[in-house]
Amino acid sequence: MKSRLLACLLLLGAGFFSVLALPVDLHPQASDVYLNILASGAKKLNIAIPEFARPAGQDPMGFAKRLPEITANDLNFSGLFSVVSGHAPLPSAPDALKKALADFPGAHALLQGSLTIQGEKLMVEIRLIDLTGAEPRPILAKVYDAQARDHRRMAHKISDEVVYQFTGERGIADTRIAYASTASGAKEIYMMDYDGFNVVQLTKNGSINLSPAWRPDGHALAFTSFQRDFPQLFVLFPYEGRQQLLQAWPGVNIAPAWSPDGESLAYTLSKDGNPEIYVLRTRTGEIRRLTNHRGIDTDPTWSPTGREIAFTSDRGGTPQVYIADAEGANVRRLTFEGGYSVQPRWSPRGDRLVYTSRQGGFDLWSINVDGSNLTRLTAGGNNESASWAPNGRHLVFASRRTGRWQIFTMLADGSEPQQMTRDRGEATSPAWSPRIP
Amino acid sequence: MKKTSWQTAATLLSLLLVALVVAGCPKQPSPTAGAGTGAEGAPGGAGAGAGGAGAGGGAGGVGTAPSGQVGEGGAGGRGGGLASTPPGSVPGAQVSPREFVEAISLRDIHFDYDRYDIKSEHAKALEENAKWLKSNARTLVLVEGHADERGTNEYNLALGERRAKTTRDYLMSLGVEGARISIISYGEERPTCKEGNEPCWGKNRRAHFLTRP
């Protein structure tokens, strides 16, 4: 008992919060709540997210409304929650709350927030409450602060925390998508929040820039650029506003892919006669060659263990997906259907790959690492260039289904496609960032 | 309901102070943990209360696009050094495409979908190109390899490279010195037409020639 109180004090984290019903158990199993809900046959957890309360002061920008809207959108997007939002704040006193909850039958959880504004600074206290028991039971109380201009990021961090509480894995709302766009007239690299907001142009060289690839720490982007007139590999540091030339061999320097430990970069060079895959140790500059075949070998992608690499090769006569170990040995062919399968992307979960295949039009397909469970994910309109979200549950890709190339997301089973860009030009080559530290 | 004395104490304490924390401990508490309110900053700058420095500025602080100038070499970005770039070639060995002009006398040749072999019907055009090049012995030639828009951008860059290379190899087999011929791939990035139909696609699957007198 004594140690429990001590634990309580030691775990003081976020700040003040007046709790009126303190459970003795300080580690309620929120994930059990979620698992129980799924076990009961529900497909999603029903969560209510009312507008945030404002104890005092003006809110001319409407943050008390906007913040929970963004969080609600994130949780809807996750595919795990069914969200009811937009209603007036609920009381926090337990009896009044219980009474008000009668209006939300079937809600499994409630996210309440209280917003205080001081000049340009926002402070939000949130409470996450489990409604599946006899009494409403607080799971989490936490305080966030941010500058008003970063309010979207604050809302994303809140939704990521809610996902973490229920699933044990942090959400992916605080992530970015890098991509190529011709909106400026030339194809340049851009970055946006995963939900399409806060678009930032990262290159401005007026040439051709494509194939952005995030380093696993999220601080660097490798990409192909013609800014020095030839297809070469550069790295840009999006939060530092600078670039660095990485590889400028004669011929192509294309299709970069970072290893999971961030220390190596696989890519394609044609300097030795035809396009082959090489691996660069980025700290030392040392390069080793992975493939040795007279045709085209490109599109490397690493398994999450870093022990294998999948790639495209036409060594069998048509472009298909192959897998080799990270030294280039033990090559085996993965795809056999259709005459053109390229751009493999290994899921962060390790169990399967998504790739682009031409069977009629171009579509995205997924296949297990052992070659089983071949599944078509898109159906028509030309779809290519998939990239996995860090949780392995979502994909971002380029689609021409609206008539022009735009960036879309979908769940990993192909459901719930959503358009993310409404680019003035054409948007292609998306890459989903790691979770932002 | 009966309560032990510890439970009572815990409840009383909570009425005064406590924030509930659950498994998955938050980041290191800020220096004012337990007293202040500032905790999980959603950073524009470094995350308040987070252990390390934030990712150099988070969302609000993203730099504007860097200028077209490339800073070569230099120390790597945060989180790990990147070796200074090996240029990978003898300086000056690659002539810039900017030094070349459209070659009216040299005809494009075309390729089948997803192929980079020279078709027999184009052998004649290449023979004529080779003849011209041999009688203008000091002219340099740049062979551009292109692909149509179908298929992925990376594969098409590799395909364009193979098309340029087989064209170069063929010219060399006809007696043009290899040192005069450079190649470059533009993949699907520089189409001559954009109609999105087979005649247009056929036009884009090409090797194109430029010269430097």
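Using Cα atoms only, what is the angle between the long axis of helix A:63-77 and the major principal axis of chain A, expressed in degrees (0 to 90) to the nearest 10? On a 0 to 90 degree scale, this one is about 50. Among beta bridges from DSSP that stay inside region A:18-167, the antiparallel ones total about 70%. Under 17 Å from a point 7 Å along the Cα-to-Cβ line of B:TYR113: which residues of region B:197-213 have their amide N that close? Hits in region B:197-213 for B:TYR113 at 17 Å: B:197-206.
Note on B:143-150: average number of Cβ atoms from other chains within 10 Å of each residue's Cβ is 1.
Exposure proxy ranking for A:ASP325, A:ASP193, based on other Cβ atoms within 10 angstrom of each Cβ and starting from the fewest, stands as A:ASP325, A:ASP193. Among the residues of A:358-369, the average count of other protein chain beta-carbon atoms within 10 Å of the residue beta-carbon is 1.
Note on B:ALA137 and A:ASP351: the model spin-label points, each 7 Å out from Cα along the C-beta direction, lie 6.9 nm apart.
Please arrange A:TRP432, A:TRP249, B:TRP201 by how many other C-beta atoms lie within 10 Å of their C-beta, fewest to most. Walk me through the numbers on the way to the answer.
On the way: A:TRP432 25, A:TRP249 21, B:TRP201 18.
Ranked by crowding around the Cβ, least crowded first: B:TRP201, A:TRP249, A:TRP432.
Applying 1/(1 + (r/R0)^6) with r as the Cβ-Cβ distance of A:ALA379 and A:ALA42 and R0 = 45 angstrom yields a FRET efficiency of 0.95.
Assuming R0 = 60 Å, can you tell me the calculated FRET efficiency for the pair A:ASN368 and A:ARG54, based on Cβ-Cβ distance, to the nearest 0.05?
Numbers: r = 50 Å, r/R0 = 0.84.
Between A:ASN368 and A:ARG54 the formula returns 0.75.
Pairs of Lys residues in region A:18-167, spaced 8 or more positions apart or belonging to different chains, with C-alpha separations under 18 angstrom: 5 in total.
Using the Cβ-Cβ distance between A:SER82 and A:SER184 with R0 = 41 Å, the FRET efficiency computed as 1/(1 + (r/R0)^6) comes to roughly 0.55. Most tightly packed first, judged by the mean number of other beta-carbon atoms within 10 Å of their residues, the peptides A:380-387, A:68-75, B:95-102 read A:68-75, A:380-387, B:95-102.
Quick check on the exposure proxy: order A:SER357, A:SER372 from fewest to most C-beta atoms within 10 angstrom.
By the 10 Å Cβ count, ascending, the order reads A:SER372, A:SER357.
A crude spin-label estimate for the pair B:ARG98 and A:THR318, with each label 7 Å from Cα along the Cβ direction, gives 4.3 nm. Extension gain, A:GLU135 to A:SER415: 0.36 nm times the residue separation minus the Cα-Cα distance gives 97.2 nm.
Averaged over the residues of peptide A:272-281, the number of Cβ atoms from other protein chains lying within 10 Å of each residue's Cβ is 2.
Test of understanding: what is the full-extension gain from A:ARG332 to A:ALA148, defined as 0.36 nm times their sequence separation minus their Cα-Cα distance? Don't skip to the answer; put the middle values down first.
On the way: separation 184, 0.36 × 184 = 66.24 nm, distance 5.26 nm.
61.0 nm is the gain from fully extending A:ARG332 to A:ALA148.
Taking a point 7 Å from the Cα of B:GLU198 along the Cα-to-Cβ direction, the residues of region A:366-408 with backbone N closer than 20 Å to it are A:381-382.
Each reported figure results from applying straightforward, stated rules to the coordinates on display, with no laboratory input. None of these values were measured; they are calculated from a predicted model. Ideal geometry is used to build each Cβ from the backbone, glycine not excepted, and the neighbour counts take in all protein chains shown.
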